[in-house]
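**Student:** For reference, the structure I am asking about is given below.
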Amino acid sequence: MAKVTFSPKSRQDLFDIGDHIAKDSRENARRFVGKLIEQCRRIGISPMGYVGREDLAPGLRMAALGRYVIFFRVLDDIVRIERVLHGARNLPVVLEDIGK
């Protein structure tokens, strides 16, 4: 199993998601962000089993949880979570600077 790490942007994404959901319910926000983090950790079990998105950025892969998409890279024995975004966003634009 690969170690899972989070980029600063992915940490901010998780905070922003929780903040948005907390406007309606803090408990739902805590629970859902927890599910997103758990999904990120599960990626470490078999990271190469997820869809590659070379069209968006070199080495980028993705996993989904509901309407959210987790973008990550596999770096040797580490999975680096790059972004956690709502699938309705303009992903090519949001991901333009990924890895910079």
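The values are calculated or read from the model by the stated rules, or taken from the named source; none is laboratory data. Not measured: the values here are computed from a predicted model. When we count neighbours, we look across all protein chains shown, and the Cβ atoms used for this are built from the backbone with ideal geometry, even at glycine.
**Student:** Select from the range 6-28 the residues that are among the aliphatic types (A, V, I, L, M) and over 16 Å from the mean Cα position of the chain (by Cα) and write down the one among them that is surrounded by the most Cβ atoms within 10 Å (Cβ to Cβ).
**Tutor:** 21
**Student:** Out of (1) modelled with pLDDT of 95 or more; (2) farther than 19 Å from residue 91 by Cβ; (3) of a type outside the set (Asp, Glu); (4) touching a strand residue (DSSP E or B) at 6+ places or on another chain (Cβ under 6 Å), the odd one out for residue 15 is which?
**Tutor:** If we test residue 15 against (1) modelled with pLDDT of 95 or more; (2) farther than 19 Å from residue 91 by Cβ; (3) of a type outside the set (Asp, Glu); (4) touching a strand residue (DSSP E or B) at 6+ places or on another chain (Cβ under 6 Å), just (4) comes out false.
**Student:** Let me ask something else. Just checking, how many residues over the range 47-58 are modelled with pLDDT of 95 or more and part of a loop (DSSP other than H, G, I, E, B)?
**Tutor:** 1
**Student:** If a residue must be surrounded by fewer than 17 Cβ atoms within 10 Å (Cβ to Cβ), assigned to a strand (DSSP E or B) and under 12 Å from the mean Cα position of the chain (by Cα), how many such residues does the range 66-96 contain?
**Tutor:** Residues in the range 66-96 being surrounded by fewer than 17 Cβ atoms within 10 Å (Cβ to Cβ), assigned to a strand (DSSP E or B) and under 12 Å from the mean Cα position of the chain (by Cα): 1 in total.
**Student:** A further question follows. Looking at the range 77-100, which of its residues are of a type in the set (Asp, Glu) and within 20 Å of residue 39 (Cα to Cα)?
**Tutor:** 77, 82 - these are the residues of the range 77-100 that are of a type in the set (Asp, Glu) and within 20 Å of residue 39 (Cα to Cα).
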